[in-house]
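Notes follow the structure.
The values are calculated or read from the model by the stated rules, or taken from the named source; none is laboratory data. Note that the structure is a prediction, hence the values are computed from the model and not measured. Please note: Cβ atoms are built from the backbone with ideal geometry, for glycine as well, and neighbour counts cover all protein chains shown. Just the protein is used for accessible areas: all its heavy atoms, side chains included, with ligands, DNA and RNA removed. Shrake-Rupley method; radii C 1.70, N 1.55, O 1.52, S 1.80 Å.
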Amino acid sequence: MSMGVPEIEDAKLLFIFGYNGADAHPIVARRIVKAKQKGAKLIVTDPRITESARIADMHLQLKGGSNMALINAIGNVIIAEGLADKKFVEDHTSGYEEYKAIVEKYTPEYAEPICHVSPDLIREAARAYAKAETSMILYGMGVCQFAQAVDVVKGLASLALLTGNFGGPNMGIGPVRGQNNVQGACDMGALPNCYSGYQSVTDDAVREKFEKAWGVPLSNKVGIPLTHVPHRVLEEKDEAKKIHAYYIFGEDPAQSDPDLAEIRETLDKIDFVIMQDIFMNKTGLHADVILPSTSWGEHDGIYSCCDRGFQRIRKAIEPKGDVKTDWEIISLISTAMGYPMNYKNTQEIWDEMRSLTPSFYGATYEKIEALGSIQWPCRDESMEDKGTPYLHKGGKFAHPDGRGKFFASEWRPPCEVESSEYPYSLSTVREVGHYSVRTMTGNCRALANLEDEPGWIQMSPADCEKLNVKEGDLIRVYSRRGSLITRVMPTERVKAGATYMTYQWWIGACNELTTPYLDPISNTPESKYCAINLEKIDDQASAEQFVKDSYESIRTNMGIDTAKKGV
Amino acid sequence: MGKQILTTCPYCGAGCQLYLNVNDGKIVSATPAAGRTNEETLCLKGRYGWDFLNDPQILTKRLTKPLIRKNGILEEVEWDEAISYTAGRLSEIKAKYGPDSIMGTGSARGPGNEANYVMQKFMRAAVGTNNVDHCARV
Ligand code: SF4
C-alpha cells in the first residue's frame, strides 16, 4: 500500500475496487465504515453486492472481467471534463500523452456494453473521485486474479496520478492482499527477479554486493515463477530445462493453485518433491520427503503487514513433537549441500538482511520492539527514522527520473468466456472465518463449525428457479477441466448468469474448475473467472452420502483416525 | 501462573496485534492489543484462530516427525536421515540437470520474514538459481 491502514478513515473519498473488505480483512473494513461515518464518500466497484457496496454512495456493479474498460472510461471522463490535476501531471509524471491517446476512445458510452454500467454512473463516479480533496483507491483480489491484472493495477495508479492523489496523507492506492505475509515474502526476495528490498537480480552492482556478502557467484538470470512449474514439467521436452525438484515451503499448491488436476499430475511427475509445513495437506500426498516445522505461536520472527509495517511475532508455547524452525531446517540442508549456514536466532538473520537492504536498514529489532510497528522504507538506524507512513512524499517516485509513469492498456476479454455448453461464469471469492487453504482455521474448533464441507455456490434466485434448485441442495458444477459437488446458496447479491464459490473447501474445491491462464506480466492465474455449467442432482440422498464418504476418506488420507471425529 | 505474549495475528495482512494468554504451557485465549492498525480490536479469526496449536485434528493433523516416502509409503525417520537424504537428492539433481532444474517456494503464511530470507538465500547461493517464488500470485 502506498498509504497506511489508519489513514483509510481520514480519506475524503474511498474508491474500492474488487475488494471485499468485510470478508477478507474485517479490521480494514472497520476503517472503511469509520471513514464513512466521518463523512467520506464511498464508491464501490464489484460485480457482487458486497458489504461495502451496501453502505456505498455509488455501486458500480460491473460485469466480471471488464475492469480495464471501466478504469479507462473513468480516466476518459476526468480528461474530457478538465478535472485532471494539471500541475501534478506536469511536475511529477511522465507518459501523459500516450495515456490520453489510449483512453480517448473509452467514452462511457463505449464502455457501457462491456461493463454493463450506465454512462451516467461512470461520469458521476469519475467526477466524485477527481473532485474530492483526498481520494484513496483500495483494490483486492477482484483485480489481481484476472489475466489482465497488472494492466488494471497500473490503470488504477494512473487515475491517482491524473488527479494528484499521491504524495500526501490519506490518499494513494493500496492493494489489500489475501495471505497475511504476502508482503513479507515479497519484501524478503522470495521472488524470481529480486533479492530482499526489491533489488534486481539483473543489476550488476546489486548482484556483486550479494556475491561478496554470501561468498559465491550468483545467477543473473531471472528465475521462473511458480505458475510456470506445470508447463516446465509436463510440456518441456528438453530434460535440461525441465523442473526436476520442487521444494515447497509453507504452501499447499495441491489445494490452492488453479486447475488442480494439472497440479497433481505435475507433482507426480517431478522427480523429487520436498514439503515443509506444519500440517499434513494435499501436497503431502505427493511428496517424497516431509519436513515438519514449528508454527506461528511456536517461533519468533517478523511479519510485514499490508501497509509495509514490520511487526514482531513471538514464541508463546513449546512445540510438540520432533519439529524444527523453518530457518533451521533450510540451514541444515544448505550446510549438508556444502554451503554452511549457522544462524543462532532470527535477529541474526534479520541483521544480515538489513545490512544488504538499504530501504530496510533502519528497522532494527530494538526499534520494532520500541515502536511496535515500522513501515518501510526505514533507512537509518537512529531513533529519528520511524519509517514511512505513506510513499511518494512530495510527488517523488521510485523511477530513475523521479516521476510517476502513466500507463493505459486496451481492455481484453477474459480468456475463457461463457458459451452454450458452459453458460455460467464462476468467480472465486473469500469467506469470513476460514483462511486460505484452511489447515489452520479448519483445525480451530470455534471456526471449523462456521461452515462445513462441501461449501457453497452463490447463485441468483432467477438461476435457481431456472434449474429448479433451492437453498442447501447439492448441485453438480462442471468446467472444461473438472467437476465437483457443492451446495446451492441463492442470493440477491449476484447477477443472473454469474456464480461465486469460496476456494478453501476440500470436497467442493473450486480450483478443480478454474483455468490456468496467466497474466503475461505478473503470471497470476485467472482464477477469478471461468465458464461452467450447473446440473441439478435428483438423488440428493446418495449425493449427501458421497459428500460424507469423501470427507471421511480425506481425513483418513491425512492420517486422522476417523473414530476421533468431533474431539 | 499465566503469561501474556504480544504477537501479530497470522490470518490476514491487516497485521492486528494481540496477546496470547498462556497457562501451563497452553494457550487459553487471545485478547486484542493496541496495535497501529487494529487499536484493540480483533475479528473472529484473530480471537479464536490460535486453537489449531492444540491440534484438535478436525481436518488434518500436525506433522510431528520427518517422513520419507519409501516404496510408496511415508515412513517416519530421524532428522539426520531426512536432512542427508534431502540434501543428497538435491545435489544429485543439481549435478545432473543444473541448478535451474530446481524450484523453491517462499511462504506467504506463518513462517515469517527471516525464514523467507533464508529460503531465497538458500536457492540463490546454495542451489545457484533464481527459481524462487511464493503464492502471492495465487
Ligand atoms: S484479527 Fe482479523 S483482521 Fe486482524 S489480522 Fe487477524 S484476521 Fe486479519
*Where residues in region A:328-340 are at the interface with chain B (Cβ under 7 Å from one of its Cβ atoms) and of a type in the set (Gly, Ala, Ser), which of them is most open to solvent (accessible area, probe 1.4 Å)?*
A:Ala336
*Does A:Ala240 meet the test of being modelled with pLDDT under 95 and open to solvent by less than 10 Å² (accessible area, probe 1.4 Å)?*
no
*Would you check which residues across region A:279-335 are over 29 Å from A:Gly4 (Cβ atoms) and among the β-branched types (Val, Ile, Thr) and list them?*
A:Thr283, A:Val289, A:Ile290, A:Thr294, A:Ile317, A:Val323, A:Thr325, A:Ile329, A:Ile330, A:Ile333, A:Thr335
*Kindly provide the set of residues from region B:42-94 that are aliphatic (A, V, I, L, M), open to solvent by 40 Å² or more (accessible area, probe 1.4 Å) and at pLDDT 85 or above, ordered by number.*
B:Ile73, B:Leu74
*Determine which single condition A:Ala157 fails, assuming it passes every other condition in (1) within 30 Å of A:Gly64 (Cα to Cα); (2) in the same structural domain as A:Pro358 (by TED's automatic domain parsing); (3) not aromatic (Phe, Trp, Tyr).*
(2)
*Of the residues that sit in region B:100-138 and are under 13 Å from the mean Cα position of the chain (by Cα) and part of a loop (DSSP other than H, G, I, E, B), which one is farthest from B:Lys65 (Cα to Cα)?*
B:His134
*What do you reckon, is B:Thr64 more than 16 Å from the ligand (Cβ to nearest atom), within 7 Å of chain A (Cβ to nearest Cβ), over 30 Å from A:Arg232 (Cα atoms) and not aliphatic (A, V, I, L, M)?*
yes
*Might you check whether a residue that is open to solvent by 40 Å² or more (accessible area, probe 1.4 Å) and within 14 Å of the ligand (Cβ to nearest atom) occurs anywhere in region B:10-19?*
yes
*Neighbours by Cβ (under 6 Å, 6+ apart or cross-chain): first from region A:170-191, more than 7 Å from chain B (Cβ to nearest Cβ); second open to solvent by less than 10 Å² (accessible area, probe 1.4 Å) and assigned to a helix (DSSP H, G or I)*: A:Ile173/A:Leu156; A:Ile173/A:Ala160
*So is A:Ala69 touching a helix residue (DSSP H, G or I) at 6+ places or on another chain (Cβ under 7 Å), of a type in the set (Gly, Ala, Ser) and in a loop (DSSP other than H, G, I, E, B) or not?*
no
*Could you please find all residues in region B:22-41 being buried (at least 17 other Cβ atoms within 10 Å of the Cβ), closer than 19 Å to A:Asp307 by Cα and more than 7 Å from chain A (Cβ to nearest Cβ)?*
B:Ala33
*asked:* Looking at B:Leu90, B:Leu44, can you tell me which residue is within 7 Å of chain A (Cβ to nearest Cβ), over 19 Å from A:Asn281 (Cα atoms), over 16 Å from the mean Cα position of the chain (by Cα) and within 16 Å of the ligand (Cβ to nearest atom)?
replied: B:Leu44
*With (1) touching a helix residue (DSSP H, G or I) at 6+ places or on another chain (Cβ under 8 Å); (2) assigned to a helix (DSSP H, G or I) as the list, and A:Ile43 as the residue in question, which single condition is left unmet?*
(2)
*Answer yes if at least one residue in region A:279-300 is at the interface with chain B (Cβ under 7 Å from one of its Cβ atoms), at pLDDT 85 or above and farther than 21 Å from A:Trp327 by Cα, and no otherwise.*
no
_Whether any residue in region A:24-43 is surrounded by fewer than 22 Cβ atoms within 10 Å (Cβ to Cβ), in contact with a Lys or Arg (Cβ under 6 Å, 6 or more places away or on another chain) and farther than 20 Å from A:Arg127 by Cα is what I want to check._
no
*Based on what the data block shows, is A:Leu356 modelled with pLDDT of 95 or more and more than 7 Å from every other protein chain (Cβ to nearest Cβ)?*
yes
*Report the residue count in region A:305-327 for those that are more than 7 Å from chain B (Cβ to nearest Cβ) and surrounded by fewer than 19 Cβ atoms within 10 Å (Cβ to Cβ).*
1
*Which one is surrounded by the most Cβ atoms within 10 Å (Cβ to Cβ), of the residues in region A:208-225 that are more than 7 Å from chain B (Cβ to nearest Cβ) and basic (Lys, Arg)?*
A:Lys209
*What number goes with the only condition from (1) of a type in the set (Asp, Glu); (2) within 16 Å of the ligand (Cβ to nearest atom); (3) out of contact with any Lys or Arg (no Cβ under 9 Å at 6 or more places or on another chain) that B:Asp80 does not pass?*
(2)
*Which residues, taken from region B:95-108, are open to solvent by 10 Å² or more (accessible area, probe 1.4 Å) and either of a type in the set (A, V, I, L, M, F, W, C) or closer than 16 Å to B:Val132 by Cβ (or both)?*
B:Ala95, B:Gly98, B:Pro99, B:Asp100
*Taking region A:24-61 only, how many residues are without any contact (Cβ under 8 Å) to a residue 24 or more places away in the chain and within 15 Å of the ligand (Cβ to nearest atom)?*
4
*Quick one: in region B:20-41, of everything that is within 16 Å of the ligand (Cβ to nearest atom) and under 22 Å from the mean Cα position of the chain (by Cα), which residue is farthest from A:Gly301 (Cα to Cα)?*
B:Ser29
